[in-house]
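**Student:** Questions regarding the structure given below will be posed in turn.
We did not get these values from a lab; they are worked out from the coordinates using the rules stated. What you see is a predicted model; the values in this text were computed from it and never measured. For neighbour counting, all protein chains shown are included, and Cβ atoms are generated from backbone atoms with ideal geometry for every residue, glycine included.
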Amino acid sequence: MDSPDMVGAAQLDLLKELANIGVGNAVTALSVMLNDQRINMHVPEAKVTSLQEVPDSFGDPENMVAATYCEADCADLGLVLLFVLPLEAAENMVARLLPGASQALDEMERSLLMELGNIITGSFLSALSFMTALTFSASTPRLGIDMAGAVLGTVIAETKIVEDNLILLKTTLQVEDEGIEGSVLILPDSGSLQTLLKNLGGC
Amino acid sequence: MYTVQVKIADLAVLKEQGMLITYGLGSCVGIALYESTSKIAGLAHILLNDSTKFIKPGVNNYNPAKFADTAIPVLLHRMIELGAHKGEVIAKIVGGASLFNFQSASGGIGEKNVEAVRSKLAELNVPLHAAEVGGNYGRTMKLLAETGAVVITRAGKGAMTL
């Protein structure tokens with residue numbers, strides 16, 4: 001696919017660094033929750049992608065995932081943050097945090113996953129606020145457990161992302177020895193990209 | 001079987017043979033149109049209800065397949081170009097679910113999508129023969145060009161046919 005001229009390589013690098021620091025902060029918070037469990041974090045990917053490819057961001061669009069998302073904004077600047085766990089990883093995570101939890105992901109387990117998403121997105125945003133000197137307000141996180149394609153399609157619809165091409169920041173993290181791998185996905189509103197980059201002090 | 005995948009905000013048509021498939025409809029709606037005499041099938045996967053509310057000139061290029069109000073006329077037109085008789089085209093719709101645990105302030109997108117699809121079909125005099133919409137789960141949808149059958153699958157459940 002042609003990468004449209006909406007963002008240059010240097011700007012993508014800056015966004016990647018932003019994701020790196022933000023998710024790094026989130027991973028630290030997660031590690032504390034897991035009794036200082038070691039968590040590996042991959043180098044963030046930043047790319048311009050067509051809207052139609054977003055539902056395939058986690059491989060097969062029919063793979064089951066548990067995803068929490070929230071919308072954050074500050075004046076004209078908007079971001080969508082998602083924390084996505086494959087269903088099995090979500091079950092392992094719940095079992096780890098809540099011994100004796102039900103495998104079926106009932107109300108208690110769902111509430112725990114939502115809280116986890118809240119911590120991840122909250123710590124990402126506090127790092128972002130620190131870097132940009134902007135104060136973000138975030139929506140209450142919402143949890144969906146379904147096919148990856150359906151979940152991502154619904155997030156796009158709910159957040160009314162109608163651009164043909166989007167900037168997608170994806171960072172994968174792994175909890176060592178626990179069979180838990182998840183991703184933090186950030187979709188900055190393309191209209192607010194310049195504000196974001198300006199406040200990061202670059203470009 | 002010859003298979004054409006319809007992605008999100010996308011549409012495609014087929015004649016006589018093969019299958020159109022769209023994966024993971026959440027709040028999105030899959031619109032299957034079919035004309036049985038010529039065996040012409042069309043499938044659209046729309047994201048939002050109303051193009052007039054979302055088009056921002058110069059910011060997003062105009063892709064008619066994104067919206068209920070613009071996708072259906074384009075899909076119908078593509079089928080007529082292939083030889084479908086407009087008066088014989090029927091519709092089956094799937095999706096429009098609410099996957100997330102509580103509604104955003106703006107209300108259910110899935111419901112709005114279904115409503116917009118129904119009203120556009122009515123406006124174009126395309127009869128709605130079947131609908132599997134709403135609920136809180138995602139669906140994958142296939143449309144067979146040979147028969148016009150719509151096969152729906154959801155995670156962990158058996159298939160159902162409309």
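**Student:** Using only alpha-carbon positions, what ratio does the radius of gyration of the protein assembly as shown give when scaled by 2.2 N^0.38 Å? Please list the in-between numbers first.
**Tutor:** Working: Rg = 21.1 Å, N = 365, 2.2 N^0.38 = 20.7 Å.
Here the answer is 1.02, to two decimals.
**Student:** Show me, for segment A:14-25, the HN-Hα J-couplings you get by feeding each phi into the Karplus relation (A = 6.51, B = -1.76, C = 1.60, θ = phi - 60°), rounded to Hz, glycine and proline as x.
**Tutor:** 5, 5, 5, 5, 4, 5, 4, 6, x, 6, x, 5
**Student:** With a point put 7 Å past each Cα toward its Cβ, work out how far A:D106 is from A:E178 in nm, to one decimal.
**Tutor:** In this crude label model, A:D106 to A:E178 measures out at 2.3 nm.
**Student:** Answer rounded, prolate or oblate for segment A:163-203, using the Cα gyration tensor with square roots of eigenvalues a ≥ b ≥ c: rounded when a/c is under 1.5, else prolate when a/b is larger than b/c, else oblate. List each step's numbers first, then the result.
**Tutor:** Working: a/c = 5.29, a/b = 2.12, b/c = 2.50.
Oblate, since a/c reaches 1.5 and b/c is not below a/b.
**Student:** Further question on the same structure: From the square roots a ≥ b ≥ c of the eigenvalues of the alpha-carbon gyration tensor of chain B, which class results: rounded (a/c under 1.5), prolate (a/b over b/c), or oblate?
**Tutor:** Verdict is oblate for chain B.
**Student:** Using a 10 Å cut-off on Cβ atoms, rank the peptides B:119-132, A:116-129 from the highest mean neighbour count down.
**Tutor:** Going by the mean number of other Cβ atoms within 10 Å, highest first, we get A:116-129, B:119-132.
**Student:** I need to check one value: relative contact order of segment B:111-162, counting alpha carbon pairs closer than 8 Å and at least 6 residues apart, in percent.
**Tutor:** That works out to 23 percent.
**Student:** Let me ask you something else. From the Cα gyration tensor of segment A:22-163, with a ≥ b ≥ c the square roots of its eigenvalues, which class applies: rounded if a/c is under 1.5, or else prolate if a/b is larger than b/c, or else oblate?
**Tutor:** Note, shape of segment A:22-163 comes out oblate.
**Student:** For segment A:31-47, take each phi angle, set θ = phi - 60°, evaluate the Karplus expression 6.51 cos²θ - 1.76 cosθ + 1.60, and give the result in whole Hz per residue in order, putting x for glycine and proline.
**Tutor:** 3J(HN,Hα) across segment A:31-47, in whole Hz: 4, 4, 4, 9, 6, 6, 4, 6, 10, 8, 10, 7, 5, x, 9, 10, 8.
**Student:** For a quick check, take a GNM of chain A with Cα springs below 10 Å and name the residue from A:L98, A:L143, A:L193 with the largest mean-square fluctuation.
**Tutor:** A:L98
**Student:** When you look at the Cβ of every residue in A:159-165, what mean number of other chain Cβ atoms sits within 10 Å?
**Tutor:** Taking the mean over all residues of the peptide, I get 6.
**Student:** Follow-up. With each pseudo-label sitting 7 Å past Cα toward Cβ, what's the B:E146-A:V43 distance in nm, one decimal?
**Tutor:** About 5.0 nm, to one decimal.
**Student:** Moving on to the next point. May I ask for the longest run of chain B untouched by chymotrypsin sites (Phe, Trp or Tyr not before Pro) that are loop-located per DSSP and have at most 15 neighbouring C-beta atoms (other than their own) within 10 Å?
**Tutor:** Formally, the longest exposed-site-free interval is B:103-162.
**Student:** Ok, one more. Can you give me the Cα centroid spacing of segment B:124-162 and segment B:1-54 in angstrom?
**Tutor:** The two parts, judged by their Cα centres, are 11 Å apart.
**Student:** Got a sec? Which residues in segment A:74-103 would a label at A:T135 touch, if it sits 7 Å along Cα→Cβ and we count backbone N under 14 Å?
**Tutor:** From segment A:74-103, the list is A:74-75.
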